[in-house]
Amino acid sequence: MSFRLRVTLFTAAAVAIAAIGASVAMYLVVQDQLINQVDKNLEVAAQNAARGGRPPERFGPQPFMTGRSDIWAQIITATGDIFRTDLAQPATALVPQEVKDVAAGKRAAFHATAEASNARLRIFVVPIQNGGAIETIQDLELIDGVLNQTRLLLIAFAIGAILLGGLLGAFIGRAALAPVQRLTTTVEEVTRTRDLSRRVAAKGSDELSRLGTSFDAMLGQLEMSLRSQRQLVSDASHELRTPLTSLRTNLELLERGQPEDPVERQQLLGDLVRQMERMTSLVHDLIEVARDEDTPMPFEELRLEDIVNEVVDDMRFRYPRVRFNVTSSPSSINGVKVRVARAVTNLLDNAAKYSPPGATVEVGVANGEISVRDHGPGVAAEDAPRVFDRFWRSNDARQLPGSGLGLSIVKDVAESHGGSVTLERPIDGGARFRLRLRGA
């Protein structure tokens, strides 16, 4: 059974229960009001009969004691005999023991429903002074006719309400589940075609619309992630192809015993080492990129100046021909230490790599910001917008070691810490990078 059919049936059932309950309650109210009105009429007629009634206007049986043509009366003695009656003949069947008890003063007045000659009657018995009782009687044929008509009308109303409830349930099910249907269709299409560009395009602010909007956002994130992964694999394969080809060529030459000249052979071995270093750096950066896209690591309170000093000590060992001048002030953030250290390492490595021998790399730390300034060739204006792209390298940098991932990793670290990284091009040459970390 489909969910839409269940909604239709549940709606119809709810309307049916409400309609039947309302019909039953309405019928009972109408019946109670009609019987109460009859009882009041019987009580008034009993009072008229107690006052002696009025003489008959013509011969023959007629209700002269009650003053109403639809109500009859009988006077019952204390011994239980019918002393006087409006009926053609005394109705002894309407004088059971309960009536006799009222006439004898053993019971209070009461209302009751009785049957006689296939007719339903409503009676009221009340004691009178000096003993005896007055019994007033009214035929319920008219009341029963009204109640029968009311039942038919209420049954028709309940049936109509149930049918209307079914139609409304179908309409509500179709209208309410339309966003779910669109969501289901989109999920099936994405599953079948693996096309993450499809969207539910939900409108509104209700729960189902928010579900569709959230699903679209999830598809967008998945599409961006998949595109990023594909681009990463494509770029990585392209970057690996060159050093692998060079390594294979050089190793084949060595296998054939070439070159025979010791100097050329030493140059070839040096080229092999450089290619291996390039591949090692590339693989290391790829692992770092993959780790950055994994589950975020827990944040902790960090002292930026301590991290920068540790990285600078390592850089001085790796680049002995470059001087590092550090100016820092106490600065604390919340972040992941290994990632922040990796970003600082990449910035300093980039600055040292492009600095001429004897040059100074200026490093500043203050207020959650790290600035790194080198005095190398700088970044061309046309290259500035792309320096943080993955695997992008300028034409001048292709001869230097590196993978083209260093600055993109810096950007990822900055964004994951709620900050940013920017490039400045000083007038007197070189480049300055500013890494702002807010520890978000």
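Kindly list, by first and then second residue, each pair from a residue in region 242-269 that is outside the structural domain of Val283 (by TED's automatic domain parsing) to a residue that is part of a helix (DSSP H, G or I), limited to pairs with Cβ atoms under 7 Å and residues at least 6 apart or on different chains.
Pairs that qualify, where the first residue is outside the structural domain of Val283 (by TED's automatic domain parsing) and the partner is part of a helix (DSSP H, G or I): there are none.
Taking the options Arg316, Arg342, Arg373, name whichever one is part of a helix (DSSP H, G or I), basic (Lys, Arg) and more than 18 Å from Val413 (Cα to Cα).
The unique qualifying residue is Arg316.
Among the residues of region 120-148 satisfying the criterion of being part of a loop (DSSP other than H, G, I, E, B) and in contact (Cβ under 8 Å) with a residue 12 or more places away in the chain, which is farthest from Leu34 (Cα to Cα)?
Of everything passing the filter in region 120-148, Gly131 is farthest from Leu34 (Cα to Cα).
Just wondering, is there one or more residues in region 225-236 that are under 25 Å from the mean Cα position of the chain (by Cα) and at pLDDT below 80?
Yes, the conditions are met somewhere in region 225-236.
Among the candidates Val125, Val180, Val146, which residue alone is within 47 Å of the chain's Cα centre (by Cα) and β-branched (Val, Ile, Thr)?
From the options Val125, Val180, Val146, the qualifying one is Val180.
Name the single residue that is farthest from the chain's Cα centre (by Cα) among those in region 409-440 being assigned to a strand (DSSP E or B) and either at pLDDT below 85 or under 16 Å from Glu382 (Cα atoms) (or both).
Restricting to residues being assigned to a strand (DSSP E or B) and either at pLDDT below 85 or under 16 Å from Glu382 (Cα atoms) (or both), the top hit is Ala431.
What about Asp374, is it surrounded by 20 or more Cβ atoms within 10 Å (Cβ to Cβ) and modelled with pLDDT of 90 or more?
Criteria met by Asp374.
The values are calculated or read from the model by the stated rules, or taken from the named source; none is laboratory data. Since the model is a prediction, treat every value here as computed from it, not as a measurement. Cβ sites come from the backbone with ideal geometry, for glycine too, and all protein chains shown count toward neighbours.
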